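Since the structure comes first, as C-alpha cells, the remarks are kept for the end.
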Amino acid sequence: MEAFCFFLHLLFLGFVCSEVGFTYEGFHDANLSLYGAAYMRSDGILVITKDSTKLLGHALYPSPLRFKESKLNNRSSIAVTFSTNFVFSMKPQYPELGGHGLAFVLFSAKEPKGCLPSQYLGLPNDTSNAQYSTRVLAIEFDTVQNFELQDINDNHVGIDISSLTSNISEPAAFYLDNSTNNNNSISLKSGDPFQVWIDYDSLEMVINVTIAPLALQRPYRPLISFPIDLSPVLDEHMYVGFSASTGLLAEAHNLLGWSFRIGGRAQDLDISELPSLVKPVKVVHKKGFALGITLASVTLVFLFISVAIHVKRRIENMEALEDWEVEYGARRFKYSDLVAATGGFGEKNLIGTGGFGKVYKGIVPSTELEVAIKRIAQDSRQGMKEFVAEITSMGRLRHRNLVQLHGWCRRQDDLLLVYDYVASGRRPIELQKNAHELVLVDWVRELHSRGEIVQAIDPKMDEYNPHEAELVLGLGLLCSHSHPDYRPSMRRTVQVLLGDASLPQLPPDFYLEATGVATEYADFYADSFLR
C-alpha cells in the first residue's frame, strides 16, 4: 500500500507542489541579484561578463526556491520537476579563442566560496564544495578545452554535479528530427544567439538539454538526455541563475531572455520581444543634412592628414601587429612596460642565461604583475618560427603543471615572452641562502644526484602529487641543461606535462658536463628524448 501511495504521489507531484515561475523577455525590470562583473544594459540585455580578462559574474534569482517536496511518509523528500529556457550569446574578444564560457546553475548558497575569475566558468572549485558542503548543479556551455577536467573539446555542452568535471558532455549541436543520428554542429563562440531548453522530469528522473540557433524552433530530440535522481544532489532550497568567467582570453557572455518554472514546463519566450544584439542605426532627417555631411567630410580629411603625419613621425617606434598574434589572442604587452619592469633589461634583474637568450625578473607597472621575461637572442636557434610555435602551444593550454604564459611582445627583432611561477618556490639565485643552496639549478641538480629531488618542493605546498612533482623538477633540469642537445623541444615538453609522453629516468650522473666525464646515457637521451 505504501509503495502504491508513493507511486500516486510521484504521478501527481507536478500538481500538488506549489508552482513557481517567471519570465523575462529582456531584463529591463528584472528582479535579480547581480555579483561580480554582471550588470543590466540599458537595452535590456543581461551581461554576465563583458569581453575583458579575468572577470567573474553571477546573476541569480534573489530568493531561494524550493526544489524538493516531502514524500507521503514525511521521512524523506524528492526533487521536483523544473523547466527553463533562455537565450544567450558568447562573443570572444579574438575570433575562435573563447573565454571560459557560461553555465546555468543551481547553488545551495547565494555567494558560493571558491569561485575564480580566472577559470572554471565562475563555478566553485571542488575543494570549496567539499569544505563548505556546497551543492552545485551546472549545465555548462564551455568554450575552452581544459585537459585537467577531461573536457572533450573547446565547444561543448555538459552537466556538472557538484564537480568541475562533467558527468556527461557532448559537442555543441542540435538534431533536426528524431529519425536520424546526424546532428548539426554549432559554434558557441560565434557571437550568434542560441536558445536552450533544460527540463528535469521527477517522474522519469532524467535531465534533458536541448540547444538550437535562435531562429529555429525547439528540436524534438535533446542533445543530452541524462538519467539521474536529483533528490540526493539538491538541497530543499536552491538559488537559480547563471555563472561565467573569462580568464586570460576575454569573452562577452550575454542573456537576452529567461523563463523558468518549478512544477511544470517553462513559458515559451516570445522571440520578437527580446532585445537585439545588433545596435540600431539612427537615421537623421534634417534640411541641413547634406551640408552637415560635407562639413563632416572636410573635417575627416583634415583629421586623416594630421593622423598620417603623426604616424609617419612615430613609424620607426611602432610595434607591428602580426596576423598570428590576432589569431591566437594571448595578451600582448607594451615594449615600454617590459623595459620598465626589468630596469632596462639590466644585470640586476637578470635571473638566467641560455642558448636561447636571457631571462629577467620584473613587475609590470601597469598591472603590478610579477613575471619572468624571456628575451630571445637575435643569434639564437629559436627564431621567429619557434617563437610563434611557443606562443600558440602555451597560449592554448591550461594545466596545473604548466608555467602560465601571460603574453608576449615583439618590437622589430626583439622577441619577448612573459611567464608566471616555479615548482620549488625559490628564486633562481638567493643570496640569503646557504652556499650549497645559492643557485637554484645547482641545488636541485645536487638533490637529484642524491635521490632527494622532492626536497626541492616549496614547503608551502601542503598537498601535491609526488610523482607529478618529480616529473616537473626532472623536466626542469632537462630544460636547463648546459648542453643544448639535451634540452627537449617545446612540443615534447608539453607532451610530457600532459601525459602524452614519458620522461626518461634521469641517471644520477646525467648532469656531468660533456667536456668533463662522458656518460653512457648521452646517445640514448639525444636519440630518444629530443624530436
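The values are calculated or read from the model by the stated rules, or taken from the named source; none is laboratory data. In this text, all values refer to a predicted model and were calculated from it rather than measured experimentally. All Cβ positions, glycine included, derive from the backbone under ideal geometry; neighbour counts span all protein chains shown.
When the residues of the range 32-59 are filtered to those that are farther than 17 Å from P117 by Cβ and among the aliphatic types (A, V, I, L, M), the one that is nearest to the chain's Cα centre (by Cα) is L46.
The residues of the range 124-138 that are under 22 Å from L249 (Cβ atoms) and at pLDDT below 90, listed by number, are P124, N125. Scan the range 152-159 and tell me whether some residue there is touching a helix residue (DSSP H, G or I) at 6+ places or on another chain (Cβ under 7 Å), crowded, with 17+ Cβ neighbours inside 10 Å and of a type in the set (G, A, S). No; the residues of the range 152-159 include none that is touching a helix residue (DSSP H, G or I) at 6+ places or on another chain (Cβ under 7 Å), crowded, with 17+ Cβ neighbours inside 10 Å and of a type in the set (G, A, S).
Residues of the range 303-352 that are of a type in the set (K, R) and modelled with pLDDT under 75: K312, R313, R314, R331.
Applying a threshold of 6 Å to beta carbon distances and a minimum spacing of six or more residues, or different chains, the list of pairs starting in the range 337-349 at a residue that is under 12 Å from V418 (Cα atoms) and ending at one that is of a type in the set (F, W, Y) and outside any helix (DSSP H, G or I) reads T342/Y360.
Conditions tested, residue by residue: (1) farther than 23 Å from F260 by Cβ; (2) at pLDDT 95 or above; (3) in contact with a Pro (Cβ under 9 Å, 6 or more places away or on another chain).
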site	(1), (2), (3)
E140	no, yes, no
G158	no, yes, no
I161	no, no, no
A172	no, yes, no
N182	yes, no, no
Q195	no, yes, yes
D199	no, yes, yes
N208	no, yes, yes
A212	no, yes, yes
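Residue count for the range 365-380 under the criterion of being closer than 17 Å to Y421 by Cα, modelled with pLDDT under 85 and among the β-branched types (V, I, T): the result is 2.
Out of curiosity, is D500 in a loop (DSSP other than H, G, I, E, B), modelled with pLDDT of 70 or more and among the acidic types (D, E)? Yes.
The set of residues from the range 42-54 being modelled with pLDDT of 90 or more and in contact with a strand residue (DSSP E or B) (Cβ under 6 Å, 6 or more places away or on another chain) comprises I45, L46, V47, I48, T49, K50. Candidates are the residues of the range 25-41 that are under 19 Å from N85 (Cα atoms) and assigned to a loop (DSSP other than H, G, I, E, B); the one that is modelled with the lowest pLDDT is D29.
Matching residues to (1) more than 27 Å from the chain's Cα centre (by Cα); (2) at pLDDT below 90:
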position: S245; (1), (2): no, no
position: L248; (1), (2): no, yes
position: A252; (1), (2): no, no
position: L256; (1), (2): no, no
position: I262; (1), (2): yes, no
position: Q267; (1), (2): yes, no
position: I271; (1), (2): yes, no
position: L274; (1), (2): yes, no
position: K282; (1), (2): yes, yes
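Scanning the range 353-364 for residues that are out of contact with any Pro (no Cβ under 9 Å at 6 or more places or on another chain), of a type outside the set (G, A, S) and modelled with pLDDT of 80 or more gives K358, Y360, I363, V364.
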